[in-house]
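Structure, as structure tokens:
The values are calculated or read from the model by the stated rules, or taken from the named source; none is laboratory data. Predicted model, so just to flag it, every value in this text is computed and none were measured. Because the Cβ atoms are built from the backbone with ideal geometry, glycine has one as well, and the counts that use them run over all protein chains shown.
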Amino acid sequence: AAAEPRCPTCAAAAERRLLEEAAKRQLLEKLRLRERPKLIHAVPRAAVARALRRLQVGGARRGPEEEEEEEERSYEIISFAEPGGSPSALGLRFQFSHTQDQDIHILQAQLWLYLRVPQDLVTSLTLRIFLAGGAGEVAGGNRTLLSEQQLSARGSGWHSLTLLPTLQRFFGGEGRTLRLELESHGAGGDIAAMVNASWSHQPFLVAKARLREPGHRLGKR
Amino acid sequence: SLRCSQNSNLCCRRDYYVDFRDIGWNDWIIKPEGYQINYCVGQCPLHVAGSPGMASSFHTAVFNLVKANNIQASGHSCCVPTRRRPLSILYFDRHSNIVKTDIPDMIVDACGCS
């Protein structure tokens, strides 16, 4: 931007505008976004801080072998659950946006639940986690059992459940909306009641993924 | 590499920090608060072609080629990034998921003459 003789500071302002536009373009291009995200709903800062703490705990450092795969990009994703549609089981829905041509490989995936349990009670649950089928699936529709896990809780608190490896299939397909259903068995009580009792601590999913861009040549060094 | 200063028009690195609040993107980019969008600018007359290259031998090699091929002195090489580093970023995607990733080669650390 040539500085007009009568306005020396115009060049600095023009340069700033130019660089800010360049920064926007560079960020969107590198993040493979067509435009900046318009946030559908704000996430409470407490929920963000709490989930980020889990990310730091789970986000293992990259090993030397992973350095070699620099051509792939590693992502860590935290997705907050929206209430699902199943009356009997605990239905959780997660929305993801990835383009078809991206080859996603899930390395780790944990579901974090906050169980509200009376203080002096120790409860033990047998939890079944299902991957629910298409849109609007009711409980008991076509579902895939992801895992069955024992969960014991003394008083209220956060608990994590591992969701691999079946979740890889969801990300490998065309999935954009992940529907999970949780059913509890045993004398310990009802998982839906324990989780829904405090939706202020909404469940969230922490996943570590590696993503290979389309047409990427992987140079093994 | 040289950082640009007033009294030289040789190839150098010009630093510029973009604060995401200034561009209204701090609502969806959680961390960092901004980043250095440095860029390379300046002249590369032939006698500095290939410097400060990855190694002084690179400069010597280029300079010998220039002399051996008697390239016209008017020729210039280009002032380009010679070293860049990644930017770690934490942001909300359009479904309000939090995504953390490293963008490779995002920040220009050093410039040089090709």
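Could you list, in sequence order, the residues of the stretch B:77-106 that are in a strand (DSSP E or B) and small (Gly, Ala, Ser)? Of everything in the stretch B:77-106, just one residue is in a strand (DSSP E or B) and small (Gly, Ala, Ser), namely B:Ser88. If we keep just the residues of the stretch B:31-49 that are crowded, with 19+ Cβ neighbours inside 10 Å and touching a Phe, Trp or Tyr at 6+ places or on another chain (Cβ under 8 Å), which is modelled with the lowest pLDDT? Selected residue: B:Ala49.
List every residue pair whose Cβ atoms lie under 6 Å apart, where the two residues are 6 or more positions apart in sequence or sit on different chains, the first residue falls within the stretch A:150-168 and is at positive phi, and the second residue, located anywhere, is polar (S, T, N, Q). Partner pairs satisfying both residue conditions: A:Gly155/A:Gln119.
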